[in-house]
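For reference, the structure is listed below as C-alpha cells.
Throughout, read-outs are computed from the coordinates displayed, never taken from laboratory work. Because the structure is predicted, anything quoted here is derived from the model rather than measured.
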Ligand SMILES: [Zn+2]
C-alpha cells in the first residue's frame, strides 16, 4: 500500500489527486485532493480502472490509521524474468497478478506457472 500521485493529462484540466493504493494499483483506500490537507479514507476500498490513467509513487507518504489488509485466499510471491517481484493471488479459483501483463491482458505466465 503506497501513496501514488496521478499524472494523467486530463484535457479538461481536471486536477489530479493523490491516492493511497495497494501495490497492484487495483484498489483505492484513501484520497487526498491536490492542495488541500484533508485525507478522505474510504470505508470500503474502491476498485479502480487504470486504463488511460497514470500514477507515480508520491514523494510524500502520508500517515493514516489504515493498515495493510489481509489478502484473501492464497498468496504467492514470484520473481519475474527481470528480477521484479510480483504477487499472485488466488481466491476461490479466481487468479490475479500484480504484473503489467496481467493488468493489460487479464492473464500472465506467473499465473500459468502456479495454476
Ligand atoms: Zn503476472
- Task: Per DSSP H run of n ≥ 4, the term is -39500 (n - 2.57); total these for the chain, divide by its residue number, and report the mean residue ellipticity at 222 nm rounded to 500 deg cm²/dmol.
- Result: -2500 deg cm²/dmol
- Item | Cα convex hull of the stretch 2-57 - mean projected area over all directions, nm² | 3.9
- Query: What is the Cα radius of gyration of the chain over 2.2 N^0.38 Å, N being its residue count?
  - Reply: 1.16
- Consider just the alpha-carbon atoms of the stretch 74-114 and return their Rg together with their Dmax, both in angstrom. 9.4, 29
- May I ask for the distance between the Cα centers of the stretch 38-76 and the stretch 93-115, given as a whole number of Å? 20
- Item | Computed over the chain: relative contact order in percent, which uses C-alpha pairs under 8 Å that are six or more apart | 18
- How high is the relative contact order of the stretch 2-57, in percent, with contacts defined as C-alpha pairs under 8 Å that are six or more residues apart? 37
